[in-house]
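Report on the structure given below.
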Amino acid sequence: METLHAVFVAPWLDMWEAPVFFAEVFVSGLLTGVMYSLVALGFVLIFKASGTFNFAQGVMVLFAALTLVGLMEKGVPVWLALILTAVVMVVLAIVIERVMLRPLVNQEHIILFMATIGLAFFLEGFGELIWGSNVKRLDVGIPEEPVMIKGVLLNSFDIWAAAIGAILVAGLAVFFHKTPIGRALRAVADDHQAALSVGIPLKTIWIIVWSVAGIVALVAGIMWGGKSGVQFSLSLIAFKALPVLILGGFTSVPGAIVGGLIIGVGEKVAEVYWGPLIGGAIENWFAYVLALVFLLFRPQGLFGERIIERV
Amino acid sequence: MANGNGGNRRRIGGVILNVEDVSLSFGGVQALEQVTFSVREGEIRAIIGPNGAGKSSMLNCINGFYHPQGGTITYKGNKRKQMRPHEAAAQGIARTFQNIALFKGMTTLDNIMTGRNLKMRRNFLWQALYIGPARREEMEHRAFVEQIIDFLEIQAIRKQPVGKLPYGLQKRVELGRALAAEPDLLLLDEPMAGMNTEEKEDMCRFVLDVNDEFGTTIVLIEHDMGVVMDISDRVVVLDYGKLLADGTPDDVRGNKQVIDAYLGAVHD
């Protein structure tokens, strides 16, 4: 009885009794969620356009951050370093299309997936070869002071991250659903052959998608790198994106956002209110358990395309 | 049903597509063996033959999915060795597929809009920004697509995802997408397969109307002999990758070899 009360009743009472603290936990969860969404977004873009899970997305985040820091250490001003890194990501996209995607056209998805694993190892080694493997501090000038908003204490860096993330996401949503290129991208995602027959050049589309995914990786790299330093473990946040994708659906941009937010808030709240009951560390596995539950009841995710099977 | 053989209203022009000695093989399998025929501007040309005769392979060569090992394909006076599908599309060749290849998650309207892809003049950057001229251009294309939707009588399913539509309607949407490109040469791979009589009659009417109103040259593969004899001007018969006969529906119908290889088997 005692345990049941502690698990099912007490945490809710705590939330009710200290609303400001709860708000703080909730909002900081939301802000972390935005960061997860940013990473997940890169996966969604490539999955939409080629039906392949890009294993290298996490390493692309690391690579972008490494390049940015490396350039800044060489004395390049921040704005120029940002532009140069974006250019590097676009060039990377062109090279990937040329040497990796083009020879593998019409192959099974699993083969492309394996190629992305290779890409991940290559990029990791290549990045460290050029920029070294020390932990680096990344500071692009986003303010970090704590601020009080309506009595809730927040980190202004998180707010900036959320704002930038929101703008990026809104831009991508419009891009995908309103513009002719977005339509062409969705067409390629749906059926390669048909897309070719109406005259959509696959090559160009792939370059665009990988470039956009590279730039999203850059933004994610700035945010995560600014928070926890630029180092190898940055590429591991890709694993946090997996449950986000399962929740949101692999093909949905809004899904990546909502999934990220749910997981960000869920793990923070679970950690703070339920963590003490079992000695903490809920934050580390909460997302995966939630993903597992989703796989059981709604495998296509919250916003994924319904799987329609005609028999 | 209207009869396309008369040709009194329609103008049949010079040769738009010439296929000469085309051979194609996959490993040891000879899909096409020195096939030669031509298509004149404005005509409806049927390709018939038993299953596995190489009909779809022929279409795939014409629109650049396959690259024949031997022979030449001359389109609008230009001989070509190899061509990619999107280049063929850019030169005015549009097609439909035997197993419908629509973008299933997208609406009817979006599917047909993709057919306008090559007609969009603004470059990618403009399109991405989607402001001013790019937006105006999109409106013009939308207006054109609405005409096609009216023409094919699919107004009611404009906003529905095509994956959920019945088969016959999907075929019609696919035709719409091909028409949106305003093609000079339209390749239809079994446009009436799997349809009931009423749907077939509708489809025949659309094919004839397209040919009639827009002067589009049409090459179609079809199994229904009644349909083929009714709507086509000239017929190519393939069997085991070889050209068996070539002529008007009446010539072909009377050809002994064709009767043996194909018609006899179907109509005995």
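Values computed for the structure shown
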read-out: Ranked A:250, A:126, criterion: other C-beta atoms within 10 Å, fewest first; value: A:126, A:250
read-out: Relative contact order (%) - region B:102-182, alpha-carbon pairs under 8 angstrom, separation at least six; value: 56
read-out: CD proxy at 222 nm, helix term only [per DSSP H run n ≥ 4: -39500 (n - 2.57); per residue of chain A; nearest 500]; value: -23000 deg cm²/dmol
read-out: Convex hull volume per residue in cubic angstrom - Cα atoms of region A:42-162; value: 132
read-out: Charge tally in the Cβ shell below 13 Å around residue A:131, where Lys, Arg are +1 and Asp, Glu are -1, residue A:131 excluded; value: -1
read-out: Partner lysines for residue A:74 [C-alpha distance under 19 Å; skip if fewer than 8 residues away on the same chain]; value: A:136
read-out: Amide H within-cut-off set for residue B:95, under 5 Å, with H built and near neighbours excluded; value: B:187
read-out: Dimensionless Rg over Rh [region A:2-297; C-alpha; Kirkwood]; value: 1.00
read-out: Cβ-derived FRET efficiency at R0 25 Å, residue B:11 paired with residue B:253, nearest 0.05; value: 0.45
read-out: Spatial extent of the protein assembly as shown: Rg and Dmax, with the Cα atoms as the point set, Å; value: 29.1, 94
read-out: Long-range HN-HN contacts of residue B:31 with modeled amide H, under 5 Å; value: B:24, B:25, B:26
read-out: Relative contact order of chain B, pairs being alpha-carbon contacts under 8 Å that are 6 or more residues apart, as %; value: 29
read-out: Estimated [θ] at 222 nm from DSSP helical runs (n ≥ 4, -39500 (n - 2.57)) normalised by residues in chain B, nearest 500; value: -10500 deg cm²/dmol
read-out: Other protein chain Cβ atoms within 10 Å, averaged over every residue that makes up A:182-195; value: 6
read-out: Violating pairs (Cα-Cα greater than 21 angstrom) within the set A:178/A:240; A:178/B:104; B:119/B:200; B:76/B:171; A:48/A:178; value: A:178/A:240; B:119/B:200; B:76/B:171
read-out: Extension gain from residue A:302 to residue A:134, taking 0.36 nm per residue of separation minus the Cα-Cα distance; value: 56.5 nm
read-out: Average partner coverage of B:74-86, which counts Cβ from other chains inside 10 Å; value: 2
read-out: Region A:116-166: GluC sites (Glu not before Pro) falling in loop per DSSP and having at most 15 other Cβ within 10 Å; value: A:144
read-out: Local net charge near residue B:158, Cβ-Cβ under 14 Å (Lys/Arg +1, Asp/Glu -1); value: +1
read-out: At least 20 Å along the helix axis (C-alpha) and Kyte average at least 0.0, DSSP helices within chain A; value: A:19-50, A:57-73, A:78-96, A:109-131, A:156-178, A:202-228, A:253-269, A:282-297
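Values quoted throughout were computed directly from the atomic coordinates according to the rules given, and no laboratory measurement underlies them. The structure displayed is predicted, hence computed values, not measured ones. When we count neighbours, we look across all protein chains shown, and the Cβ atoms used for this are built from the backbone with ideal geometry, even at glycine.
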